[in-house]
């Protein structure tokens, strides 16, 4: 598969976190399908900004990670997917507890995908919402390399 997450070979029950940023966030994937991805994240002091609430970048990262994982699962062996736009709105401040991010597709086309993500707290209240647009590529091998 094009994404190691699609193999389900790492983390708790095969559902992550995987090495990299997901591990830094403490994400645990609880549902992994091409039509829906759900992950949880326990709020820790490392994820808070100076006022003691969750840093907005955490919400952006949860949105990006869950959407990208779902997009990669759907695209499968056809290539790689990469995020090109992340728009996340912060709706409610949180200081403690567990966040749940749920990603579902809005559009899945030949060259791009659009996924929406809703982040809720333990009481089911919306904490943040976001959308990620992703490009479907034959290969991401050339990305991020300097031209020589």
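Computed from the coordinates by the stated procedures, all read-outs in this text should not be read as laboratory data. This one's a predicted model, so the numbers in the text were calculated from it and none came from an experiment. Cβ sites come from the backbone with ideal geometry, for glycine too, and all protein chains shown count toward neighbours.
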Residue order, fewest to most surrounding Cβ atoms within 10 angstrom, among 90, 21: 21, 90
Crossing angle, helix 56-75 versus the chain [Cα axis fit, 0-90 degrees, rounded to tens]: 30 degrees
Percent RCO, i.e. relative contact order, over the chain, from Cα pairs under 8 Å lying at least 6 residues apart: 23 percent
Proxy reagent accessibility, fewest Cβ within 10 Å first, across 96, 131, 46, 64: 46, 96, 131, 64
The chain - mean residue ellipticity at 222 nm from DSSP helices (-39,500 (n - 2.57) per run, n ≥ 4, rounded to 500): -5500 deg cm²/dmol
Using alpha carbons only: equivalent-ellipsoid semi-axes of the stretch 40-95, gyration tensor based, whole Å: 28, 11, 8
Bins of 5 Å from zero: percent of alpha-carbon pairs in the stretch 21-140: 2, 13, 24, 24, 18, 10, 6, 3, 0
Net length gained if the chain between residue 111 and residue 143 were fully extended (0.36 nm per residue, minus Cα distance): 9.9 nm
